[in-house]
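First up is the structure itself, then whatever we jot down about it.
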Amino acid sequence: MMNRPHRFTVYDEALLPEPYRHAIGRLLTDTFTCPDARERGWNKVKPDFFVVALSPEGQLLGSCMTCWVPCAPALRVAGFGDMAVYPAHRGLGLARAMADVLWREALSRGAVLGLARTAPMRKVCAQFGFTVPGPRVWLADGREENNWMWSAAPGFQLPAELVVNELF
């Protein structure tokens with residue numbers, strides 16, 4: 001899988017170094033065609049923290065983020081998104097390793113549920129235990145939304161239903 005000693009670093013959103021923020025913004029803009037991400041370093045929802053994959057020299061190779069998803073019942077739900085790896089570094093296991101670090105960090109910050117919605121995150125998270133189906137998910141406007149993958153903290157029982165107040 002990975003044949004070089006890559007580093008994975010967690011940054012709170014407010015403490016993300018500007019050079020990494022700009023590199024993530026370019027990567028997200030190029031990968032997902034989201035021009036708003038270029039300056040801020042994230043796509044739709046402001047992250048609480050990032051995981052970045054770095055070369056031994058400190059070059060950003062990829063990133064992903066977590067935001068806390070407001071929901072009812074009020075649970076600590078970590079939403080994972082903005083997973084991207086520069087094309088030259090794909091196929092090395094970086095996405096899976098970043099997602100693993102992301103989930104472990106979310107658990108250490110009190111997450112009881114992890115949620116992956118986008119196709120790249122769903123593919124990666126399936127490799128380490130995220131499953132479908134999870135709870136029935138309702139959006140705040142009453143629409144049902146079931147394009148999600150879930151993982152629960154050890155010993156936590158998935159609720160039967162969840163109302164999510166914000167898509168990410």
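The values are calculated or read from the model by the stated rules, or taken from the named source; none is laboratory data. Note that the coordinates shown come from a computational prediction; the quantities given were computed from them, not determined experimentally. Cβ: placed from backbone, ideal geometry, glycine included. Neighbour counts: every protein chain shown.
Scanning region 18-39 for residues that are buried (at least 17 other Cβ atoms within 10 Å of the Cβ) and of a type outside the set (A, V, I, L, M, F, W, C), we see that the one that is modelled with the lowest pLDDT is Thr31. Whenever a residue of region 26-48 is under 23 Å from Asn165 (Cα atoms), its partners that are of a type in the set (S, T, N, Q) and modelled with pLDDT under 75, lying with C-beta atoms within less than 6 angstrom and at least six residues away or across chains, give the pairs Cys34/Asn43; Ala37/Asn43. Could you please let me know if Arg109 is out of contact with any strand residue (DSSP E or B) (no Cβ under 9 Å at 6 or more places or on another chain), surrounded by fewer than 23 Cβ atoms within 10 Å (Cβ to Cβ) and either modelled with pLDDT under 90 or within 14 Å of Phe50 (Cα to Cα) (or both)? So Arg109 does not fit the description; no.
Of the listed requirements (1) out of contact with any strand residue (DSSP E or B) (no Cβ under 8 Å at 6 or more places or on another chain); (2) at pLDDT 90 or above; (3) surrounded by 18 or more Cβ atoms within 10 Å (Cβ to Cβ), Leu15 misses just one: (3).
Scan region 151-162 for residues that are touching a residue at least 12 places away in the same chain (Cβ under 8 Å) and either exposed (fewer than 15 other Cβ atoms within 10 Å of the Cβ) or out of contact with any helix residue (DSSP H, G or I) (no Cβ under 9 Å at 6 or more places or on another chain) (or both) and the total you get is 7.
Residue check: Arg104 meets all listed conditions (1) over 22 Å from Gly155 (Cβ atoms); (2) basic (Lys, Arg); (3) under 14 Å from the mean Cα position of the chain (by Cα) but one, namely (1).
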